[in-house]
Each structure stands twice: as structure tokens, then as C-alpha cells.
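The values are calculated or read from the model by the stated rules, or taken from the named source; none is laboratory data. Source: prediction; values computed, not measured. All accessible areas refer to the heavy atoms of the entire protein, side chains included, with ligands and DNA or RNA removed. Shrake-Rupley method; radii C 1.70, N 1.55, O 1.52, S 1.80 Å.
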Amino acid sequence: MTDILRELFSPELVFLRYALLIGILASPVLGVVGTLVVTRRISSLAGASAHAALGGVGLALFLQRVCMFNWCTPTVGAVAGALLAAIVVGIVSLTAKEREDTVIAVVWALGMSIGLLFLERTPGYVDWQGYLFGNILLLSKSDIIMTIILDAAVLLPMILFYPAVLAMSFDSTFAELRGIRVSVIYLILLALTACTIVLLLNVVGIILVIALLTLPAATAGCFTRHLWSMMVLGAVLSWLFVTGGLLSSFYYRLPSGPAIVVFAGTVYLAALGFSKWKGKR
């Protein structure tokens, strides 16, 4: 154990320490947002936002290197792309439910295709696989600051409006009868989900981010049915999955994103099997 700690705190492994710290800081957000994504069954909407983020990344890099817009960083582009997709899909799901699946598929494919086209036309080296599958070498102090800001942006409204969120999560019709503006809360939830997705791009990548967003909450759902306890347990599991996946990827020389998701998926399947077995007794 001492040798592991000594190795982790060596100057050469600052990127791994950043990744582990971001995993700790992002766990509360993953627990809260992931639980709402699972209970509201909007993982497909979140997936569209994740893939549309690549379109924003590609456009931002193109504008930064070709048009010399230095302020247009990949993070800014990812936030813009994910938020735009979340708003479009959210409005369609509220107003035209019969076309929701089609719009989600279009946004999903279009966002990713636009991103790949812009990345192809961007001069210089672009690590596009890092955006797709994650790359802990891309993490920096700015990602840590962004994670702290996101924690405050998600957790504070959740504490203040928890009764409304609870009512909306399990019975939207009843919530509307009580005067709760369900559509507004729903769009805010999608926006927070989009921001959470952007936060995790460098850790697990666009393709795997939905797995990390849903697996901890889904695993927690095997053991509890209360929203608040599901959020807390989901946050703890998120930290365990990220930490275990990162350490195993480092020591066994594996890609970090897939290692995290495989670890999380294995635990989820075991938890699901245990809950089914326990239910039959």
C-alpha cells in the first residue's frame, strides 16, 4: 500500500492524480444526475447530447486553428454542442412525442458526423480518439475547477428543489396538478445532464460517457428504491468505479475509459443477479 501511494505522488504521475481527484469531485454529480437519468429513462436523450458534443469539439478546434478564435476551446464547443442538443431534443420530447425517437437518432448521428468532418479538416494533430474513448493525459487543473463549479451548479438546486424533483421523477401528472412547472424542471435536468457529460469527456470519452452516467445509479437501484438513497449510493459507487478503473488501467496498461466501464458493468451485472436471486427466496 505504501509503495502504491509513493508511486501515485511521484511528479511524473500528476495526470493520474488529477484524474483520481476529478473522480472524487464528480461522484456527487454522477450520483444525482445519473439517478435522475435512470428514473426518468432519458439515457437515449443523454446519449444524443454526448454525441452532439463531438460536433461542438470539432467546430471549436476548427475555429481555433483556422479562424484564430483562441477563446473557442474544445470545452466551450463541447458545452455548446451538448446544450444545444439537449434543448432541441427536450423541446421535441415535450411537444411532439410521436417523433421523439427520430429526432434523437438524427441529433445523435448528425452531431457526431459534423464533429468528425471538422476534425478531419482541422490542420495539425488532433487526438480524436481521446475525445471518443477518453484520455486522462488531457486532464488539467482547469478540469478540476470546472468540476467544482459543476458540483455547486447541480447540488445546490437539487437541495433547494428536491420535493419538486421527487414528484416529477415518479409522477409528472401529479406534479403538474400541484403547480410544479415540470417542463421547466425537465429542460433544466437535460441541461445539467449535458454539462455532466462534458465534464466526463476526458475521463471515459463520448462513446462511454452514458455508461458511467447510468451504471452507478442502476447498480444503486438494485439495492434501494428511495430517490435520495439511490443518489447517495450512486455517488459512492461512481467514486469506486472511477478509482478502480483508473488504477487498473494504469497498472495493467489498459485504456482508462473502457477499464472504468468494464469494471462498472461487471459490478452492475453482479448486483442485478444478486437482487434477482434474493427476490426469488
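Worth a mention:
- Of Asp101, Asp171, the order by accessible heavy-atom surface (1.4 Å probe, DNA, RNA and ligands excluded), from most exposed downward, is Asp101, Asp171.
- Binning the alpha carbon pair distances of the chain at 5 angstrom intervals from zero yields the distribution 1, 6, 12, 16, 18, 17, 14, 9, 5, 2, 1, 0, 0, 0, expressed in whole percent.
- In Å², nearest 10: area of Trp239 left accessible to a 1.4 Å probe: 100 Å²
- Of the DSSP H helices in the chain, those that are both long (alpha-carbon extent of 30 Å or more along the helix axis) and hydrophobic (Kyte-Doolittle mean at least 0.5) are 14-40, 43-65, 74-95, 100-121, 227-251, 256-280.
- Between the range 210-246 and the range 36-101, the C-alpha centres lie 24 angstrom from each other.
- Carbon/sulfur fraction of accessible area - the chain, other protein chains in place, 1.4 Å, %: 70 percent
- Accessible surface area normalised per residue over the range 26-172 is 50 Å², counting heavy atoms of protein chains with a 1.4 Å rolling probe.
- Applying 0.36 nm per residue to the separation of Arg121 and Trp71 and subtracting their alpha-carbon distance, the gain on full extension is 16.1 nm.
- The mean sequence distance of close C-alpha pairs (under 8 Å, at least 6 residues apart), as a share of the length of the chain, puts its relative contact order at 29 percent.
- Rounded to the nearest 10 Å², the accessible area of Leu240 at probe 1.4 Å: 80 Å²
- Taking Val209, Val184, Val106 as the candidate residues, the one with maximal mean-square fluctuation in a Gaussian network model of the chain, Cα springs under 10 Å, is Val184.
- When shorter helices are ignored and each DSSP H run of at least 4 residues is given -39500 (n - 2.57), the per-residue value for the chain at 222 nm works out to -28000 deg cm²/dmol.
- Judged by the gyration tensor of its Cα atoms, with axes a ≥ b ≥ c, the range 177-281 is oblate; a/c meets the 1.5 cut and b/c is at least as large as a/b.
- Global geometry of the range 67-195, whether rounded, prolate or oblate, following the gyration tensor of its Cα atoms and the 1.5 cut on a/c: oblate
- Cα gyration tensor shape for the range 158-235, rounded if a/c is under 1.5, else prolate or oblate: oblate
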